[in-house]
Amino acid sequence: MFNFKSLSPRQVSAVLAFAISLLVALANLVLVKNWTIAMGSFLVLFLVSYLLIFYFLQQFIYRRIKLIYKFIYQTKASKREEFYNKYILPQKSIDEVKEDVEQWAEQREGEIELLRKNEAFRKEFLQNLAHEFKTPIFAIQGYVDTLLSGAMDNPDVRKKFLQNTSRNVDRLVNLMNDLDEISRLESGEQILYKQYFIIQTLIREVIESLSLNLVTKQVTVSIKKGCEGPTYVFADKEKIRQVLINLVENSAKYSKAGGSVVASVYTTDEFKVLIEISDDGIGIEEEHLPRIFERFYRTDKARSRDKGGTGLGLAICKHIIEAHGESMHVRSKTDVGTTIGFTLSAIREEEGSRNSNTHQPIP
């Protein structure tokens, strides 16, 4: 079956010219009864009609195509570019135009979908941000109003309310500091001061600094047997300390009473080191795993706020690790525990191409 939809402008012109010429030639043959005149009229009319149809069809089609490109192109061509496109470059075929339009439509569809996701994320972020600020502010307002209403005259109540007010002020300060930290990390303003150091030594320092809180929560933290090191990494030591403190605190926070947190260090190859912090706590449901590194995202909002924190810790960790050009991952199962890990470079960036010794500290 002849498919007219797949014909090019030249083929359409030829078909129409052939049909017109054939009809005229047949009419001449019937009326004049001369094969020579009929054939001559057919050839002349076919040539003339083909050229005319093709010319006007081209003008009509490419005028419409030009309008299409005015919609899908965002850049405006200069006079020189218009002349070059019109007279020097070969005109695009219908199939090429079709491909351009389909590509533009897919790109626009992707942009629209991204805008929808960003809009939903923005709304959720603003709602969470407002809630995080509202909780301590309303608490402070309540304590101050109660004190001003007469409770200030009672020394015990006054001290208790002022202590609670101070804690909520500290929460606001921590929230502002964390937001400022994320803003600097996202904008690339945070400068990384990289150096060689033994990651196990840093882990032990973090455990020591958190020892009082860990004893209070009845949680033990240790380095996994066989991972004691020493393993050198090349990173910003203080930033990685911040990441480890956050991960260990989170693991201890959601561990069961008498639970344990284990730090593991693995040399994946001569270029990378994997560090993981694991606990045997309450775990995270699978549906929440893809989003735990989002700002203010909490798997259980009521329980998480009771545990304290700003809801920005894991987001900051992720930004710090990504600023090092590395990545974070999470594995978890409810009532089994959670493991959060990240990779670090074992060598300087400039040494990677030279494949130098990765376990030598900087002098």
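The values are calculated or read from the model by the stated rules, or taken from the named source; none is laboratory data. Because the structure is a prediction, the values reported are computed rather than measured. Virtual Cβ from ideal backbone geometry, glycine too; neighbours counted across all protein chains shown. These area figures cover heavy atoms from the full protein model, side chains too; ligands, DNA and RNA do not enter into them. Shrake-Rupley method; radii C 1.70, N 1.55, O 1.52, S 1.80 Å.
Can you give the Kirkwood hydrodynamic radius for segment 179-269, in Å, rounded to one decimal and based on Cα pairs?
Taking the inverse mean of 1/r over all distinct Cα pairs, segment 179-269 comes out at 14.4 Å.
DSSP beta bridges fully contained in segment 189-291 are about 75 percent antiparallel.
With a Förster radius of 35 Å applied to the C-beta separation of Leu57 and Gln107, the computed FRET efficiency comes to 0.75. For Phe197, the residues whose modelled amide H falls within less than 5 Å of its own, excluding neighbours fewer than 5 places apart on the same chain, are Val233, Ala235. Stretched out straight at 0.36 nm per residue, the stretch from Arg331 to Val157 would grow longer than its current Cα-Cα span by 58.1 nm. Here the label points at Glu228 and Thr201, each 7 Å from Cα along the C-beta direction, are separated by 1.7 nm in the simple model.
Looking at segment 137-211, the accessible area is 62 square angstrom per residue; that uses a 1.4 Å probe and ignores ligands, DNA and RNA.
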